[in-house]
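Engineer: What follows is a single structure, and I will ask about it in a moment.
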Amino acid sequence: MSDGVEIGAVLVRPLSKGTFPGILEYLPYRRLNFVQKVVSEKNYNHRWHGPAWFAQRGYAVIIFDVRGTGNSGGFTKDIYSERERTDAYEVVEWIANQTWCNGKVGMWGMSYGGVVQWQTAVKKPPQLKTLVMGSSNTDIYLDWTNPGGSIRPYMFDSFSPMMTAYNFSPPDCNIVGKLWEKLWKERLEKNEPWGISFIKNILQGNYWQDRSLEPDYGRIQIPVLFWCGWGDCYHTPILRAFSKLKVPKKIIMGPWGHYWPEEALPGPRIDFRYEMLNWYDHWLKEIDNDIMKQPQVSLFIRKYKKPSAHMYLEEPGFWRSENEWPPKRNINTPFYFHSKGELSSIHPMNEDESNDKYVYNPSVGITTGIFWGGGIMPWAMPVDQRYDEALSLNYTSPPLDENVEITGNPLAILYVASSAKTAYFHVKISDVAKDGTSKWLTDGGMLGTHRKSHSDPDALIPKKIFELKISLKYVSYIIAKGHRLRISISSADFQNAWPTGDPAINSLYRDKKYPSHIVLPVTPDQDSALPSPNFKPSPRGPATIEEVPKDTKYEIKHDFVKDKVIVKLKRDGFARAAEGLAESTYTVSPKNPSKTEINARFIYNVPNQEKVFVVESKENLRSDKKFYHFNSYVRVTVGDETFFERKWKNKIPRKLS
């Protein structure tokens with residue numbers, strides 16, 4: 001790089017003579033030695049086999065490790081640094097100037113590998129011509145680290161301890177050779193746990209905005225092929241970005257979780273390679289195919305299936321083409337909350353400030369699961385919601401006279417009050433089957449103190465009514481005839497939002513002056529049906545039960561004697577990154593919600609070294625009424641002896657959370 005740091009990379013390119021477009025991906029997950037030279041169709045995994053498959057079709061694929069991670073030099077103190085983004089610009093230039101490149105470069109990636117595509121594209125390297133954008137956020141703060149303004153527990157029970165262990169691990173001596181000790185020495189001296197920056201930036205501000213695409217989508221000026229799935233954590237920001245970009249674009253929204261489509265759960269899987277190939281051929285090789293003549297949007301519309309703690313092998317539903325997102329024919333329909341838990345399209349007319357009260361219970365959210373499974377995917381999916389509904393306000397429609405499709409962005413408009421100065425409000429939509437089973441469809445939440453701003457919280461005035469608008473995650477689902485629609489209101493989503501610290505009695509108002517309601521995007525049939533999407537099936541075939549990890553632990557206990565609700569997670573191996581053993585315990589006190597705590601550790605046995613190194617991280621995040629306390633520890637052992645260890649301690653004000 002321009003500052004002298006060497007970046008570790010893998011290049012897979014055609015053996016034949018000629019010039020070829022480049023495709024770039026970069027990550028911090030220590031994956032370089034996983035890339036395969038030979039493509040396995042039966043066990044196809046795009047992360048390992050994709051580079052060779054595309055090289056066979058005339059592309060040069062380059063994957064590099066973020067500086068300070070994996071097999072790259074330098075150091076890293078926090079996620080998505082400015083220097084890291086500059087590296088990406090320089091690598092694009094380097095690729096385009098190689099004798100084997102035709103001067104055009106594209107990118108691909110999902111999750112971290114998607115976010116960095118936005119960050120690279122806004123720098124506008126002239127040789128970067130297109131993006132293939134999967135499963136990623138556009139507002140890092142609201143879409144990932146702090147949805148609704150609350151800390152996402154996943155950041156500290158899974159992601160931060162994993163990255164601490166990885167980022168203090170040595171490079172692979174089989175890749176970097178004798179340099180590995182020198183590179184590692186700098187890493188041990190200068191790297192810091194990424195979790196420190198997460199806890200120091202619990203408000204929206206320059207730190208996150210500088211790294212995010214939101215709100216200025218106009219900075220993206222090259223074509224984008226989007227893909228994601230309804231079982232993924234980022235389907236909402238992907239669809240939001242698609243709707244806001246003013247460039248040539250297409251999107252495929254399947255049923256999938258946080259996977260590439262060939263290996264995804266739930267199915268139906270598709271062979272996404274050919275969708276990418278047609279896209280790259282058009283934009284990087286100037287081949288006049290029909291990719292831009294097809295409808296812009298391919299949606300998978302979901303239907304009812306009894307909920308399961310792990311992702312379905314196959315999701316019921318069907319594919320449909322659309323010309324835009326959201327569909328222009330949508331009818332935004334309000335459903336109002338009434339007495340006796342009734343839900344209807346009739347505006348309330350009573351003028352007596354009618355309200356329903358409920359006690360804040362920070363453990364509500366047991367049945368919601370961990371959004372997209374967090375660090376133990378495909379486990380921790382939403383189950384029957386009735387356990388949590390017993391601790392929530394619920395408003396339920398009569399049985400539907402016909403099928404009702406909702407495809408778009410639900411919006412809740414609540415008029416609420418709290419006895420506390422801080423409170424969180426959560427809205428959930430469920431499909432209630434004829435047998436009473438309540439299936440989670442989508443939800444959303446927000447700290448009441450963030451109702452005006454996520455950067456400058458404003459304390460609640462106890463018992464004063466205020467309006468709160470909560471945008472729920474996007475959805476596409478058909479509620480069947482005879483089923484009922486249910487809206488649940490609570491003040492916790494404890495597996496996905498850190499509990500607020502003050503006990504509270506909260507009120508929801510539902511009268512003429514304060515008509516709390518939800519607006520649903522009701523989607524009529526198309527006037528003239530577009531041709532259905534036609535995808536090749538995945539080379540792996542349909543998903544099988546053997547693909548669901550068996551060594552994963554997901555356990556929730558309610559200890560009534562000690563007044564604790566405890567979530568225990570454990571997994572060994574991680575398909576999206578290098579392997580490791582992850583364990584965490586997350587404890588919430590229903591009577592004293594300020595006392596919430598996560599204890600997590602990650603153990604990584606470093607492969608392919610001259611010696612056997614074990615890198616262990618231990619991290620603890622706990623809260624009291626005034627502060628968050630974050631402690632991080634890393635230790636490297638050689639055999640039974642400690643080679644390196646270091647500790648960090650941080651104490652951060654809660655800032656009205």
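The values are calculated or read from the model by the stated rules, or taken from the named source; none is laboratory data. The shown structure was predicted, so the numbers you read here are calculated from the model rather than taken from an experiment. All Cβ positions, glycine included, derive from the backbone under ideal geometry; neighbour counts span all protein chains shown. For accessibility, only protein heavy atoms count, side chains too; no ligands or nucleic acids. Shrake-Rupley method; radii C 1.70, N 1.55, O 1.52, S 1.80 Å.
Engineer: Checking A412 against (1) assigned to a strand (DSSP E or B); (2) at pLDDT below 95, which test does it fail?
Structural biologist: The number of the failed condition is (2).
Engineer: List every residue pair whose Cβ atoms sit under 7 Å apart, with the two residues 6 or more apart in sequence or on different chains, where the first one lies in the stretch 342-363 and is closer than 12 Å to Y509 by Cβ and the second, anywhere, is assigned to a loop (DSSP other than H, G, I, E, B) and open to solvent by 50 Å² or more (accessible area, probe 1.4 Å).
Structural biologist: Listed pairs, sorted by first residue: P348/K512; N350/K512; E351/K512; E351/K513.
Engineer: Also, I was wondering about something else. On the basis of being open to solvent by 30 Å² or more (accessible area, probe 1.4 Å), without any contact (Cβ under 8 Å) to a residue 40 or more places away in the chain, over 22 Å from P521 (Cβ atoms) and not acidic (D, E), does A459 make the cut?
Structural biologist: Against the criterion (open to solvent by 30 Å² or more (accessible area, probe 1.4 Å), without any contact (Cβ under 8 Å) to a residue 40 or more places away in the chain, over 22 Å from P521 (Cβ atoms) and not acidic (D, E)), A459 does not qualify.
Engineer: Which condition number does T69 fail, the rest of (1) out of contact with any Asp or Glu (no Cβ under 9 Å at 6 or more places or on another chain); (2) in a loop (DSSP other than H, G, I, E, B); (3) surrounded by fewer than 23 Cβ atoms within 10 Å (Cβ to Cβ) being met?
Structural biologist: (3)
Engineer: Any chance you could count how many residues in the stretch 425-440 are outside any loop (DSSP other than H, G, I, E, B), open to solvent by less than 20 Å² (accessible area, probe 1.4 Å) and out of contact with any helix residue (DSSP H, G or I) (no Cβ under 7 Å at 6 or more places or on another chain)?
Structural biologist: Residues that pass the stated criteria total 8.
Engineer: Condition (residue is surrounded by 20 or more Cβ atoms within 10 Å (Cβ to Cβ), modelled with pLDDT of 95 or more and over 27 Å from the mean Cα position of the chain (by Cα)) applied to the stretch 481-492: is it met by at least one residue?
Structural biologist: Yes, the conditions are met somewhere in the stretch 481-492.
Engineer: Just checking, which of E645, E555, E616, E583 is part of a strand (DSSP E or B) and either over 26 Å from the mean Cα position of the chain (by Cα) or of a type in the set (A, V, I, L, M, F, W, C) (or both)? Working first, answer last.
Structural biologist: On the way: E555 fails: either over 26 Å from the mean Cα position of the chain (by Cα) or of a type in the set (A, V, I, L, M, F, W, C) (or both); E616 fails: either over 26 Å from the mean Cα position of the chain (by Cα) or of a type in the set (A, V, I, L, M, F, W, C) (or both); E583 fails: either over 26 Å from the mean Cα position of the chain (by Cα) or of a type in the set (A, V, I, L, M, F, W, C) (or both).
Within the list E645, E555, E616, E583, the selection yields E645.
Engineer: Filter the stretch 36-52 down to residues that are more than 23 Å from K104 (Cβ to Cβ) and in contact (Cβ under 8 Å) with a residue 40 or more places away in the chain and give me whichever is surrounded by the fewest Cβ atoms within 10 Å (Cβ to Cβ).
Structural biologist: Out of the qualifying residues, it is K42.
Engineer: With the checklist (1) open to solvent by less than 40 Å² (accessible area, probe 1.4 Å); (2) over 16 Å from D388 (Cβ atoms); (3) of a type in the set (A, V, I, L, M, F, W, C) in hand, flag the one item I505 doesn't pass.
Structural biologist: (1)
Engineer: Hey, could you check the stretch 462-475 for residues that are open to solvent by 50 Å² or more (accessible area, probe 1.4 Å) and in a loop (DSSP other than H, G, I, E, B) and say which is nearest to A420 (Cα to Cα)?
Structural biologist: In this case the residue turns out to be P462.
Engineer: Within the group D388, D384, which residue is among the acidic types (D, E), open to solvent by less than 20 Å² (accessible area, probe 1.4 Å), at pLDDT 95 or above and outside any strand (DSSP E or B)?
Structural biologist: After applying the criteria, what remains is D388.
Quick grid of which residues meet (1) open to solvent by less than 40 Å² (accessible area, probe 1.4 Å); (2) touching a helix residue (DSSP H, G or I) at 6+ places or on another chain (Cβ under 8 Å):
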{"residue": "F168", "(1), (2)": "yes, yes"}
{"residue": "I175", "(1), (2)": "no, yes"}
{"residue": "L183", "(1), (2)": "yes, yes"}
{"residue": "E186", "(1), (2)": "no, no"}
{"residue": "E192", "(1), (2)": "no, no"}
{"residue": "I202", "(1), (2)": "yes, no"}
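Engineer: Now a separate question. Looking at D456, D527 in this structure, which one is acidic (D, E) and at pLDDT below 95?
Structural biologist: D527
Engineer: Would the stretch 53-66 turn up any residue that is open to solvent by less than 10 Å² (accessible area, probe 1.4 Å), touching a strand residue (DSSP E or B) at 6+ places or on another chain (Cβ under 7 Å), among the hydroxyl-bearing types (S, T, Y) and not in a loop (DSSP other than H, G, I, E, B)?
Structural biologist: No, there is no match, as no residue in the stretch 53-66 is open to solvent by less than 10 Å² (accessible area, probe 1.4 Å), touching a strand residue (DSSP E or B) at 6+ places or on another chain (Cβ under 7 Å), among the hydroxyl-bearing types (S, T, Y) and not in a loop (DSSP other than H, G, I, E, B).
Engineer: Go through the stretch 91-110 and give me each residue that's open to solvent by less than 40 Å² (accessible area, probe 1.4 Å) and either not in a loop (DSSP other than H, G, I, E, B) or not aromatic (F, W, Y) (or both).
Structural biologist: V91, V92, I95, A96, C101, G103, V105, G106, M107, W108, G109, M110
Engineer: Being aliphatic (A, V, I, L, M) and modelled with pLDDT under 95 narrows it down to one of V638, V615, so name that one.
Structural biologist: Being aliphatic (A, V, I, L, M) and modelled with pLDDT under 95 holds for just one of V638, V615, which is V638.
Engineer: Return a yes/no flag: does the stretch 5-15 have any residue that is modelled with pLDDT under 95, in a loop (DSSP other than H, G, I, E, B) and open to solvent by 10 Å² or more (accessible area, probe 1.4 Å).
Structural biologist: Scanning the stretch 5-15, I find at least one residue that is modelled with pLDDT under 95, in a loop (DSSP other than H, G, I, E, B) and open to solvent by 10 Å² or more (accessible area, probe 1.4 Å), so the answer is yes.
Engineer: What number of residues within the stretch 476-495 satisfy the criterion of being within 18 Å of V383 (Cβ to Cβ) and outside any loop (DSSP other than H, G, I, E, B)?
Structural biologist: Total meeting the criteria: 4.
Engineer: Within the stretch 524-557, track down each residue that is closer than 28 Å to N403 by Cβ, of a type outside the set (A, V, I, L, M, F, W, C) and surrounded by 15 or more Cβ atoms within 10 Å (Cβ to Cβ).
Structural biologist: Result: P533, single match.
Engineer: Among the numbered criteria (1) closer than 30 Å to A165 by Cα; (2) of a type outside the set (V, I, T); (3) at pLDDT 95 or above; (4) in a loop (DSSP other than H, G, I, E, B), which single criterion is violated by P539?
Structural biologist: The number of the failed condition is (1).
Engineer: I'm checking my understanding of the structure. Among residues of the stretch 586-604 that are in contact (Cβ under 8 Å) with a residue 60 or more places away in the chain and surrounded by fewer than 21 Cβ atoms within 10 Å (Cβ to Cβ), which one is farthest from E616 (Cα to Cα)?
Structural biologist: K591
Engineer: So which residues in the stretch 111-135 are outside any helix (DSSP H, G or I) and within 19 Å of V66 (Cβ to Cβ)?
Structural biologist: Within the stretch 111-135, S111, V122, K123, P125, L128, L131, M133, G134, S135 meet the criteria.
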